[in-house]
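See below for the structure under consideration.
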Amino acid sequence: MENQNIDTSQDLAQVQLDLIKKRKSPVAFSEKEVAKDQLEQLFEAVRWAASCFNEQPWRFVVATKDQGDHYQKVLNGLNPHNQTWAQNAPVLMLTFAKKTFDKNGRPNMHSWHDLGLAMGNMSAQSTAMGLYLHQMAGIVRDNIQKDFDIPEDYEIVSGIALGYKLDIEDVPEDLKDRETKERTRKSLNEFVFNEAWGESSF
C-alpha cells in the first residue's frame, strides 16, 4: 500500500508539471462564454496564493463581453496593439497591487511578486479547466486611472485576456504565426546556480 501511495504521488506530480507546460498565452480566442462559476473558481485559486504577511495585496477589475460599456472601458486600458486581438476574448481583466501593508502602513516591496504568485495560481487553474489567459504589460495607465478612479495606494500592473482558444483552422491569418510559434524556454543551467554565480546546479 505504501508503494502504491508513492506511485500515486509521483503520478500527480507529473500531471501537475504537464499542466504547467501546457499553459500558453493565446492571441486568438473563441467566442464561447466563460461562466460566472468558472470565474469564481479561478479567483478561489487566486485567494489561496501565498503573500508576504498574508496581505493578499492583489486586486482585479473584471469585465465580460456582455457588460458592454464596462468591457469597453477595460479594453480601453489596453494599448492599441493588444486591443486588436484582445477584443475577441470573452473576459478582460486589469490587475492592481497595493503599495503599502495594511498592518503597518509601510511600503510593500513584494506586492508585485505576490500578485505574480496569484496569477500563477490562476494560470494553472485556468489551464486545468480548459481555459487560457494572456497577461499583458501593454496597457495605458492614464486611461485606466481616468476610467476607474483607482485609489492612490494601488499600482496598475497589467491586463489579462481570458477565454477558450480558437480552433487553429479558424484563426485569422494575421494571428496564425503567433498561435503556432514554437514555445521555447531557457535550460536549467542558465538560471539555477550553485556556489558560484553562473555555476550550474544541474
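Taking the condition under 20 Å from the mean Cα position of the chain (by Cα), farther than 17 Å from Arg47 by Cα and part of a helix (DSSP H, G or I), does Glu179 pass?
Considered against the rule, which asks whether it is under 20 Å from the mean Cα position of the chain (by Cα), farther than 17 Å from Arg47 by Cα and part of a helix (DSSP H, G or I), Glu179 comes out as yes.
Counting only residues that are without any contact (Cβ under 8 Å) to a residue 24 or more places away in the chain and in contact with a strand residue (DSSP E or B) (Cβ under 6 Å, 6 or more places away or on another chain), which one in segment 155-202 is nearest to Gly116 (Cα to Cα)?
Asn189
Name the single residue that is nearest to the chain's Cα centre (by Cα) among those in segment 125-147 being surrounded by fewer than 17 Cβ atoms within 10 Å (Cβ to Cβ) and either more than 14 Å from Val74 (Cβ to Cβ) or touching a residue at least 12 places away in the same chain (Cβ under 8 Å) (or both).
Ala137
For every residue, the table says whether it meets (1) modelled with pLDDT under 95; (2) buried (at least 16 other Cβ atoms within 10 Å of the Cβ).
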{"residue": "Ser9", "(1), (2)": "yes, no"}
{"residue": "Leu17", "(1), (2)": "yes, no"}
{"residue": "Lys22", "(1), (2)": "yes, no"}
{"residue": "Val62", "(1), (2)": "no, yes"}
{"residue": "Asp66", "(1), (2)": "no, no"}
{"residue": "Tyr71", "(1), (2)": "no, yes"}
{"residue": "Gln87", "(1), (2)": "no, no"}
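Name the residue that is surrounded by the most Cβ atoms within 10 Å (Cβ to Cβ), counting only residues in segment 95-111 that are over 14 Å from Val46 (Cα atoms) and of a type in the set (A, V, I, L, M, F, W, C).
In this case the residue turns out to be Phe101.
From Asn82, Asn54, Asn88, which residue is under 18 Å from Ile156 (Cα atoms) and of a type in the set (S, T, N, Q)?
Asn82
If I ask for residues that are under 15 Å from Ala124 (Cα atoms) and not polar (S, T, N, Q), which ones from segment 23-42 would you list?
The answer is Arg23, Lys24, Pro26, Leu39, Glu40, Leu42.
With respect to Ala161, is the statement that it is at pLDDT 95 or above, of a type in the set (A, V, I, L, M, F, W, C), in a loop (DSSP other than H, G, I, E, B) and buried (at least 17 other Cβ atoms within 10 Å of the Cβ) true?
no
State whether one or more residues within segment 101-123 are over 24 Å from Arg23 (Cα atoms), in a helix (DSSP H, G or I), out of contact with any helix residue (DSSP H, G or I) (no Cβ under 6 Å at 6 or more places or on another chain) and at pLDDT 95 or above.
no
Scan segment 43-50 and give yes if some residue there is in a loop (DSSP other than H, G, I, E, B), surrounded by 12 or more Cβ atoms within 10 Å (Cβ to Cβ), touching a residue at least 40 places away in the same chain (Cβ under 8 Å) and in contact with a Phe, Trp or Tyr (Cβ under 8 Å, 6 or more places away or on another chain), otherwise no.
yes
Take the residues in segment 51-93 that are assigned to a loop (DSSP other than H, G, I, E, B) and either of a type in the set (Ser, Thr, Tyr) or free of Cβ contacts under 8 Å to residues at least 24 places away in the same chain (or both); name whichever of them is nearest to Leu162 (Cα to Cα).
So, considering only residues that are assigned to a loop (DSSP other than H, G, I, E, B) and either of a type in the set (Ser, Thr, Tyr) or free of Cβ contacts under 8 Å to residues at least 24 places away in the same chain (or both), the one nearest to Leu162 (Cα to Cα) is Gln87.
Mind counting the residues in segment 138-149 that are touching a Lys or Arg at 6+ places or on another chain (Cβ under 9 Å) and part of a loop (DSSP other than H, G, I, E, B)?
0
The values are calculated or read from the model by the stated rules, or taken from the named source; none is laboratory data. Please read these numbers as outputs of a predicted model, since none were measured by experiment. Please note: Cβ atoms are built from the backbone with ideal geometry, for glycine as well, and neighbour counts cover all protein chains shown.
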